[in-house]
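Contents: one structure, followed by commentary.
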Amino acid sequence: MLNELKQKALKEIQGAKDLKTLEELYRQFLGRKGELTAVLRSLKDLPEKERREKGKLANQIKLELENIFNQKKSEIRNLKSEVQDGWIDITAPGILPALGHFHPITKIRQQAEEIFQSMGFTVAEGPEAETEYYNFDALNTPPEHPARDMTDTFWLKNKKLLLRTHTSPVQIRYMESHNPPLRIIAPGRVFRHEATDASHDVQFYQIEGLMIDKDVSAAHFRGILQEFFKRFFGPEIKIRLRPSYFPFVEPGFEIDIKRGKGDWLELMGAGMVHPNVLKAVKYNPNLWQGFAFGMGLDRLAMIKYKIDDIRLFYSGDLRFLKQF
Ligand code: DAH
C-alpha cells in the first residue's frame, strides 16, 4: 500500500509543469492532511512490530518524496528563468569582469624601487606617525625653523606625535639600527598642513635616499641620479643641480629635470649629509660621509604620465584611475 502511494506520488510530481501544481501535490501527499501524513498518523494504532517496520518505510518514503519535490521545484524555476530571459546565445562574446590594477603612484614606486635596488640600495620603512625628534631634531632642524611651524605640521592630539612631514626621519631610524656603509631608499607617505592646489595636497608620497660610506662625493650622487633618471624616463632626460638649503645637509641642492624640449622641473631636494645628523646617530663624521635625497613620487608620476593636477591621484575617480 505504501509503495503504491509512493509510485503514484512520484508519477504525479514528475509530471508537474508549474510551481502551483507542485504545491498542490505537496499538500496532497505531504501536507497536514496529506495521504502519506495520514499513514504516518495511523501508525500508533498498529501492533509494535508492524508499527516499527511500517514506520521506517513511511519515513523513508517521506524523505524521498521531499527530495524529489525540491529537485522538481528548482527544475521548474530554472526553466522558467531561461524562458523569461529569452533565448540563450551561446556564441555571443562573453563579458570580461572588471579587473583591478595597481594605483599609478604604486606603479611608479615599484619602478623606482627596482632601479635603485639594482644599484645596491635596500628598501627601508618608517612610521607615518613620528616623534618630533625623528622628524626634526635629529635632522638638525632647530625649534625655530619655519618647517616646525604649526601650520605645516599635523600634530596628533597628545602633541607627542606628528604626521611625518617628509621621509627623512627614516634616515635616522635606519642609521640608528645599522652600521655603515649603507645604501637605502625609503618610499612612503608624508603629510603637510597646507592649502591644496593643482601641485599641493595634504598628503603625498616621497622617496628618500641615503648612501653612507667612507668616500662618497657629490659626483657619486650625480652619477647615481643620472643613471636613475635615464632608466626611469629614457635617455633624453637632462638633470641640473642648483644650490639650496636644507638643515640636514651641507651643501644642499635642488634637482631639476628636463625631458626633451620641455621645461626644467623641480623634482627633489638633496645634499651631503650634515655632520650633525651623523653625530645624532653616533656615526663618526670624520670617518663617514654620504649623500641624501628626497624626491616627490607624485611629481615623478605627474611628469611621467603628463598629469597636471596632483589631487587626481587621491580623488578615487575611476575614470582617471582606469587609464593606467
Ligand atoms: N625632506 C625634504 C623635503 O621634504 C627633501 C629632502 C631634501 C630630503 C634634502 C633629503 C635631502 O634627504 O638631503 O622637502
ask   = Got a number for residues in region 122-136 being touching a strand residue (DSSP E or B) at 6+ places or on another chain (Cβ under 7 Å) and either open to solvent by 50 Å² or more (accessible area, probe 1.4 Å) or of a type in the set (S, T, N, Q) (or both)?
value = 7
remark   = Residue pairs within 6 Å by beta carbon, gap of at least six or interchain, first lying in region 288-317 and over 18 Å from V170 (Cα atoms) and open to solvent by 20 Å² or more (accessible area, probe 1.4 Å), second more than 16 Å from the ligand (Cβ to nearest atom) and in a helix (DSSP H, G or I), listed first then second, are L312/F320
request  = Determine if region 85-107 includes at least one residue that is open to solvent by 70 Å² or more (accessible area, probe 1.4 Å), over 30 Å from H166 (Cα atoms) and in a helix (DSSP H, G or I).
outcome  = yes
ask   = Got a sec? Which of I224, I237 is away from the ligand (no atom under 16 Å from the Cβ), open to solvent by less than 40 Å² (accessible area, probe 1.4 Å) and either assigned by TED's automatic domain parsing to the domain that holds I303 or under 30 Å from P127 (Cβ atoms) (or both)?
value = I237
key: Qualifying residues in region 18-40 (those that are assigned to a helix (DSSP H, G or I), over 15 Å from M1 (Cβ atoms) and not charged (D, E, K, R)) - the one most open to solvent (accessible area, probe 1.4 Å)   = Y26
key: Number of positions in region 118-156 that are modelled with pLDDT of 90 or more and outside any loop (DSSP other than H, G, I, E, B)   = 14
ask   = If you scan region 259-278, which residues turn out to be open to solvent by 50 Å² or more (accessible area, probe 1.4 Å) and either in a loop (DSSP other than H, G, I, E, B) or more than 16 Å from the ligand (Cβ to nearest atom) (or both)?
value = R259, K261, D263, W264
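Condition check ((1) modelled with pLDDT under 95; (2) touching a helix residue (DSSP H, G or I) at 6+ places or on another chain (Cβ under 6 Å)) across all residues:
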residue	(1), (2)
L210	no, yes
F228	no, yes
K238	yes, no
F248	no, yes
G252	no, no
K261	yes, no
Q289	no, no
G294	no, no
L300	yes, yes
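Residue-wise test of (1) free of Cβ contacts under 8 Å to residues at least 24 places away in the same chain; (2) in a helix (DSSP H, G or I); (3) assigned by TED's automatic domain parsing to the domain that holds T153; (4) surrounded by 20 or more Cβ atoms within 10 Å (Cβ to Cβ).
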{"site": "Q171", "(1), (2), (3), (4)": "no, yes, yes, yes"}
{"site": "P180", "(1), (2), (3), (4)": "no, no, yes, no"}
{"site": "P187", "(1), (2), (3), (4)": "no, no, yes, yes"}
{"site": "V190", "(1), (2), (3), (4)": "no, no, yes, yes"}
{"site": "A195", "(1), (2), (3), (4)": "yes, no, yes, no"}
{"site": "Q206", "(1), (2), (3), (4)": "no, no, yes, yes"}
{"site": "G209", "(1), (2), (3), (4)": "no, no, yes, yes"}
{"site": "D215", "(1), (2), (3), (4)": "no, no, yes, no"}
{"site": "A219", "(1), (2), (3), (4)": "yes, yes, yes, no"}
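Could you list all residues from region 302-322 that are in a loop (DSSP other than H, G, I, E, B) and either within 16 Å of the ligand (Cβ to nearest atom) or out of contact with any helix residue (DSSP H, G or I) (no Cβ under 8 Å at 6 or more places or on another chain) (or both)?
Matches in region 302-322: K306, D309, S315, G316, D317, K322.
Is it the case, given these coordinates, that V273 is touching a strand residue (DSSP E or B) at 6+ places or on another chain (Cβ under 6 Å) and either modelled with pLDDT of 95 or more or under 20 Å from P180 (Cα atoms) (or both)?
Yes.
The values are calculated or read from the model by the stated rules, or taken from the named source; none is laboratory data. On a predicted model such as this, the values are computed, not experimentally measured, just so you know. Positions of Cβ are generated from backbone atoms using ideal geometry, with glycine treated the same way; all protein chains shown enter the neighbour counts. Accessible surface is based on the protein model in full, side chains and every heavy atom, while ligands, DNA and RNA are left aside. Shrake-Rupley method; radii C 1.70, N 1.55, O 1.52, S 1.80 Å.
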